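Just below is one structure, and these are the notes that go with it.
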Amino acid sequence: MSIILIGAILGLIAGYIHAHWFDSSSDYDTNLGLTLLCVLIFFFYHASFESSHLQGSIGKIICKLRVVDAAGERISFGTALGRNFGKILSGLFCWIGFLMVLWNDNRQAWHDQLAKTFIIRKP
């Protein structure tokens with residue numbers, strides 16, 4: 001849920017910047033640059049929160065969830081970044097990678113399997 005909310009907010013910000021800072025004939029490179037900036041912000045946001053002492057994004061914190069490694073410890077920034085890039089694969093084929101939590105014994109999505117991470121409920 002937080003992914004959708006953050007994506008919507010970043011999309012609104014990018015749209016506002018595009019509408020007010022660039023003329024209507026702006027080129028493809030400007031639009032691509034704004035899109036890449038939003039994607040980088042998205043990855044940095046999630047990796048920063050998941051590797052911090054909070055161990056999750058704002059949505060996970062609200063739902064009392066946290067991201068941990070196989071030993072139940074906090075993950076590194078690199079692992080969190082890799083996990084979030086893995087979300088591209090999870091969403092690539094009709095979101096099957098996210099839906100895997102429904103039938104996977106460990107309740108892991110593809111990106112969690114790739115990063116060897118788990119989502120657990122805080123005690």
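The values are calculated or read from the model by the stated rules, or taken from the named source; none is laboratory data. Being a predicted model, the structure only gives us computed values, none of them experimental. When we count neighbours, we look across all protein chains shown, and the Cβ atoms used for this are built from the backbone with ideal geometry, even at glycine.
Evaluate the following for residue 19: is it among the aliphatic types (A, V, I, L, M), at pLDDT below 70 and either surrounded by fewer than 17 Cβ atoms within 10 Å (Cβ to Cβ) or out of contact with any strand residue (DSSP E or B) (no Cβ under 7 Å at 6 or more places or on another chain) (or both)? In short, yes. Taken over region 89-115, the criterion of being surrounded by 13 or more Cβ atoms within 10 Å (Cβ to Cβ) and among the hydrophobic types (A, V, I, L, M, F, W, C) is satisfied by 89, 96, 98, 99, 100, 101, 109, 110, 114, 115. Restricting attention to region 66-121, the residues being among the acidic types (Asp, Glu) and over 13 Å from residue 51 (Cα atoms) number 2.
Scanning region 49-83 for residues that are in contact with a His (Cβ under 6 Å, 6 or more places away or on another chain) and modelled with pLDDT under 90 yields a total of 1. Residues in region 44-74 that are of a type outside the set (Asp, Glu), more than 13 Å from residue 121 (Cα to Cα) and touching a helix residue (DSSP H, G or I) at 6+ places or on another chain (Cβ under 6 Å): 46, 47, 51, 57, 58.
For region 33-43, state whether one or more residues are among the hydrophobic types (A, V, I, L, M, F, W, C), modelled with pLDDT of 90 or more and either in a helix (DSSP H, G or I) or under 19 Å from residue 122 (Cα atoms) (or both). No, region 33-43 has no match at all.
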